[in-house]
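A quick write-up on the structure given underneath.
The values are calculated or read from the model by the stated rules, or taken from the named source; none is laboratory data. Everything quoted here is computed from the prediction, not taken from an experiment. Note that each Cβ is placed from the backbone with ideal geometry, even for glycine, and that neighbours are counted across all protein chains shown. Side chains are part of the model used for accessible areas, which takes the heavy atoms of the whole protein and leaves out ligands, DNA and RNA. Shrake-Rupley method; radii C 1.70, N 1.55, O 1.52, S 1.80 Å.
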Amino acid sequence: MKFKLLFESASGFALFDAHGIDEIGQNTEAVSNSVTDLNRFGKVVKLVAFHPFSSALDALNQCNAVSEGIMTDELRNFLELNLKIKEGKKPKFSLGLAEPKIGSHISEETKIPCQSNEFVLELLRGIRLHFDRFIKDLKPTDLEKAQLGLGHSYSRAKVKFNVNRVDNMVIQAIFMLDTLDKDVNSFSMRVREWYSWHFPELVKIVNDNYLYAKVAKFVENKSELSEDKILGLTEILGDEDKAKEIVEAAKASMGQDLSPIDLINVKQFAQRVMDLAEYRKNLHEYLVTKMNDIAPNLASLIGEMVGARLISHAGSLTNLAKCPSSTLQILGAEKALFRALKTRGNTPKYGLIFRSSFIGRASAKNKGRMARYLANKCSIASRIDCFSETSSTIFGEKLREQVEERLDFYDKGIAPRKNVDVMKAAIIQNEDGEKMDVEDGSAADVSTKKREKKESKGEAMDEGKPSTIRSITNGDAPEEPTQEKKKKKKEKRKLVEEQEQAPELENTSGKKKKKKSKNVDEEDTQTATEVKKKKKKCEKQEG
C-alpha cells in the first residue's frame, strides 16, 4: 500500500510521497538515523504538491482549524485534487498526519485511511528539518519569518478575552493585598521601635499602626510638643482626651533625644508607611469592584475577599467552576488532607471557606455541615458567573438567603425552602430585570405618546360636551356607577342561584322525610310481631 504524508507548515499545505518504506520495515530507529542525512532521506520522501496560504489571516484560520481538528474546504480541495479519490472505491494508499483529531475528521469526510504514530512523526520531523530544500525559491529566512508571525498571531488569538472580566487581575490583586498586609505590619512595627527610643510612652496611648505613624510624623520632636498642637492631634486621633494625654506624656517622657537628621529619617519612614496603608485601602476597593464585575454572584454569596482567594487558589474562575463542591470545600487545606490520608486520620472539613462568616456563626457541631452546604452553593455561583453571558447578583443573593435559612434550620429548626423553588424565583426575577432594562427606553416613549393622546381626547371632549360631562372626564366619578352596576349584576346572579337551589333542597328534604317515615313503619311492625311471639310463648307455658 502506498503511503502519503500531509505536512502543515506556516507557509502552506504540502503533500509528500513516501517510497521504500517496506525496505525500512517501519522501524523508527532506522528512520531517525536517516532523517539528518538529506541524501538518504530525499530518496525515501518526495514532494508531490504544495498549496501556499494566500495571506497571514488565511494561515491563522487554517492553523486554528487544524488545532481544533476541523478540515477546511481548502484542505479538502487540495487532498481531492492531488490524491484523485474515486467514489465507491477504496483508496490504495494511507495518509500520515501529525494530528490524530484532523485525521479522524478527514477519514469520516473523504473515506481516506489516516494514521498517526511514532513512525509518521519521525518522517514529519525529517520533512520539517529539510522543508526549505524540498520547495524551490523558498529561503530559510522567509520560512522563519512566517513561523514567527503565525506563532505570534496564533497565541494572540488564543489569549483573546473580555477586558472587563479578567480573573488574572483578581489573582494578582489578592496576592498583592497579602504581601502589603505583611509589609505594612512589619514596617509599622519598625516605626514603633525606632520612634520609641525618642517617645516610648506613645506606644501605650496609640495602639493603631496607621494612627501611630501619623502621630509620629506630626509630633516629630517631643520637646517642641505643646498645648497648641492639641487641635492637630484631635483631628488625627478623633479624641481630645488622648491628645491631651500625649501632650502630658511628652512633658514627662523618659526617651532620649534624637538629632535632626534622625528625626527626618523617622518622619520619612512614617510617611512611607502611611502611603502603603492608603495604597492598601485603594487596592482593596479596586478588588471589590473587580470581583463585582468578574464574579458578582460569588462575591454577593461569600464576600469579595474569600471569593478572590478561592479564584486565586484554583488558578482561574473557569478552574473554580470545573471543581466539584467537595474539592471547593477543602481548597487551601491540601497539606492537612494528604497528611490525614497518609496517617489514616480524619480529613479536614474546610479550607479557605472557613474565612466566611457563615461557618463562624454555626455551632461547633454543625460547622462541617455548614461548610459542605456553603461549598455546594459556591460551586453553583461560580458556574453561573463563569458561563452566563449577562452578569447579575440575583442568583448570589438568593443563594445567600438559602444559606441563612440553613443556619436558622440548624439553630431553630425552621424548615428551609427547596432549591428548585428558589432557583425558579431567581430565574423569573432575572428575566424580569432584563426585560425592564430593555423596555426602559421604549416604555418612556410609549407613555409620552399615550399621555399626548389622552390630552388631545380630553380637549376634544371639552370642546364638544357640556360642563357636567367635562367634570366627569376630569374626575374619578365614572368609576362609581360602573362599580354599582357590577354589584347589581352580582346580586341578580345570587338571587337566580338561590331560586334554582330552593326546589332542589325541598325535593331532597321530602325524600329524607319519606325515608324516615318508612323506617318508622318498619320499626312499628317489628315491635308488633315481637309482642305477638311473646304472648304465644306465655300461653304454651301455661297450657
Pair list, Cβ < 7 Å and 6+ apart or interchain, from the stretch 138-159 residues that are touching a residue at least 40 places away in the same chain (Cβ under 8 Å) and among the polar types (S, T, N, Q) to residues that are open to solvent by 60 Å² or more (accessible area, probe 1.4 Å) and in a helix (DSSP H, G or I): Ser153/Ala56
Say whether the condition of being open to solvent by less than 40 Å² (accessible area, probe 1.4 Å), among the small types (Gly, Ala, Ser) and either without any contact (Cβ under 8 Å) to a residue 60 or more places away in the chain or more than 30 Å from Ser379 (Cα to Cα) (or both) is met by at least one residue in the stretch 279-300. no
Check off (1) charged (D, E, K, R); (2) over 30 Å from Gly307 (Cα atoms); (3) part of a helix (DSSP H, G or I) for Glu278 and give me the number that stays unchecked. (2)
Which helices (runs of 4 or more DSSP H) does the stretch 329-424 wholly contain that include 1 or more residues that are aromatic (Phe, Trp, Tyr), open to solvent by 90 Å² or more (accessible area, probe 1.4 Å) and within 17 Å of Leu317 (Cα to Cα)? 367-387
Just wondering, is there one or more residues in the stretch 185-199 that are closer than 30 Å to Val306 by Cα and of a type in the set (A, V, I, L, M, F, W, C)? yes
What about Pro100, is it at negative phi and in contact with a helix residue (DSSP H, G or I) (Cβ under 7 Å, 6 or more places away or on another chain)? no
Counting just the residues of the stretch 54-72 that are open to solvent by 50 Å² or more (accessible area, probe 1.4 Å), under 35 Å from the mean Cα position of the chain (by Cα) and at pLDDT 85 or above, which one comes out nearest to His19 (Cα to Cα)? Ile70
Mind listing whichever residues of the stretch 252-266 are open to solvent by less than 80 Å² (accessible area, probe 1.4 Å) and not β-branched (Val, Ile, Thr)? Ala252, Ser253, Gly255, Leu258, Ser259, Asp262, Leu263, Asn265
Checking the condition of a type in the set (A, V, I, L, M, F, W, C), within 28 Å of Tyr350 (Cβ to Cβ) and modelled with pLDDT of 90 or more, which residue from Phe409, Phe387 passes? Phe409
